[in-house]
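This report refers to the structure that appears directly beneath it.
What follows is calculated from the coordinates using simple rules that are stated; it is not laboratory data. In this text the structure is predicted, and so the values were computed from the model without any measurement. When we count neighbours, we look across all protein chains shown, and the Cβ atoms used for this are built from the backbone with ideal geometry, even at glycine.
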Amino acid sequence: MNYISTRDKNISKSPCEAILQGISEDGGLFLPEKTPALKEDLNELINLNYKDLAYTIMKYFFTDFKDGELRDCIERAYDKKFDSKDIVPIVKKDNLYFLELFHGPTLAFKDMALSILPHLLNTALSKLNIQREILILTATSGDTGKAALEGFSDVDNIKIMVFYPQDGVSEIQKRQMITHGGNNTKVVGINGNFDDAQNGVKSLFNDSELKMAVNNKNTMLSSANSINIGRLVPQIVYYFYGYLNLLKNKEIKSGEKINVVVPTGNFGNILAAYYAKKMGLPINKLICASNENNVLTDFFNTGEYNIEREFKLTSSPSMDILISSNLERLLFEISEGEDLLTKELIEDMQNNGKYTITKSMEERLKDFYGNFATEKEVQESILSLYKSSSYVIDTHTAVAYSVYQKYKNQTGDNTKTLIASTASPYKFGRSVGKALGIEDMEDDFKVLEELSIIANNKIPSSISDLKNMDIVHNQACEVHEMKSMVEKFIGIGV
């Protein structure tokens, strides 16, 4: 298995090279030259635990890893840092199945991939006999930052630097990042939104002067965002796990199709479900759920991707994104590998703020359904599900729940449905509490105490402990200053 660039398929890398590099030298994203088909019958996999299933799926993609190397990465990733022995519990509520992806150390789905990425990177370094350090540069809309910090803290040969929008994350998300220790970590707030942070990081990867200076420090740049194929592939696993769980518990029959609903911002999580479907997982509809930054909804309904619109700060900040980076991989797929067309579309967006796909590409989007939820609908969804089932969901999962209701009302489709529940409600306690009638308070932690009573479970210690933790990172910068912040961090010019 080799990986090619979305913008030039003549660029080809081994799995180790693609993981280490993160982004292609032409600015494109790496993707498999051909999506592998699952050879095993799903009924053969039904009793596998999460780690064994992860090995079964990932071995198709990371073909230059020896069996023992890949198994070691998986063992190190999915251990006691997860608070559920199942790693990903599936909870049935309101005739829906919630794939709880938030049982890792930072209480968000990003832990599923960012727990293994550091080990994949270090193994790749060793296999390619590269005697250099890696500097991970990451932009976050809230969850990736803390999950990456958690995964990479004090890992040999790796430093990590996280940029986040100062006013674009929840207070809990912010405290998770700025209180994080680790001798190899740096967190910087930027005056701008997530798109600014993401574009800033991408420009750093394409800065030849910075690359040369970093190289002179015996260091190489890489990414922990889902633009890195080493981040994306592990996410495919949990869609198989969810389906097999339903099969094992006789909620579905062998071969029966399910719908999958994913709250979507940067498009990585739903793209993983798309690849699971391409591998042979029986998925009917991929339901793309957006918040009021509904650029993806318009794309699926019109074929036009247009970022020339107001950027909105919502109660689901991890989805406050207008430039969905991973959509570039889907463009390549639905154009049937037309790399020059993919490049042209991305350049249209960069130059004109929008692009329109061809009719034949639109035809290949029929597996997707796109819609969005307003802030009012998010609040109503949290309350409605709680009233019907005593189950408390976070704001991002509420976006998915709301959009699913719209899909069902529009289509009458009663296909059994798996909802990706991407974060703990305690990460967004103020917004969830508001939906459930908790009185507004200045102290976020008092809101969480009230929420704990309503939800009838304990506040996770990883959040309750934040209250008394010291702030370690208190720097902020303008977007144009990001390069100098990187240079200072690794001692360029010192």
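Each semi-axis of the equivalent ellipsoid for the chain is √(5λ) with λ an eigenvalue of the Cα gyration tensor; in descending order they amount to 31, 27, 24 Å. With a simple spin-label model that places each label point 7 Å from the Cα along the Cα-to-Cβ direction, the separation between Leu340 and Asn49 comes to 5.2 nm.
Protection proxy ranking for 85-91, 451-457, using the average of other Cβ atoms within 10 Å per residue and placing the highest first: 85-91, 451-457.
Extension gain, Ser126-Asn215: 0.36 nm per intervening residue step, less the Cα-Cα distance, totals 30.2 nm. Structure note, pairs Lys34/Lys257; Lys85/Lys458; Lys39/Lys127; Lys427/Lys467; Lys92/Lys253; Lys51/Lys110: Cα-Cα distances above 20 angstrom occur for Lys34/Lys257; Lys39/Lys127.
Here the Karplus relation 6.51 cos²θ - 1.76 cosθ + 1.60, evaluated at θ = phi - 60°, turns the backbone of the stretch 39-44 into coupling constants of 7, 6, 6, 4, 5, 6 Hz, with x for every Gly and Pro.
Amide H to amide H, with H built 1.01 Å from N, Ile419 comes under 5 Å of Tyr97, Phe98, Leu99, Val261, counting only residues 5 or more places away or on other chains. Each of Glu375 and Glu487 was given a label point 7 Å from its Cα along the Cα-to-Cβ line. The distance between the two points is 4.0 nm. For Tyr274, the shell of other residues with beta-carbons less than 12 Å away shows a net charge of +3, using +1 for Lys and Arg and -1 for Asp and Glu. Per-peptide packing, taken as the mean over residues of other Cβ atoms within 10 Å, places 24-34, 122-132, 417-427 in the sequence 417-427, 24-34, 122-132 from highest down.
Helical content of the chain, expressed as a calculated mean residue ellipticity at 222 nm, amounts to -12500 deg cm²/dmol (DSSP H runs of 4 or more residues, -39,500 (n - 2.57) each, divided by residue number, nearest 500). Averaging Cα coordinates gives a centre for the stretch 134-181 and one for the stretch 429-494; these two points are 11 Å apart. Normalised by the number of residues in the chain, the average gap of Cα pairs under 8 Å and 6 or more apart makes the relative contact order 18 percent.
Full extension of the chain between Ser254 and Leu383 yields a length gain of 43.0 nm, computed as 0.36 nm times the residue separation minus the alpha carbon distance.
Take the Cβ atoms of Asp348 and Lys406, set R0 to 35 Å, and the FRET efficiency comes out at 0.70. Between the C-alpha center of the stretch 198-272 and that of the stretch 2-44 there is a gap of 12 Å.
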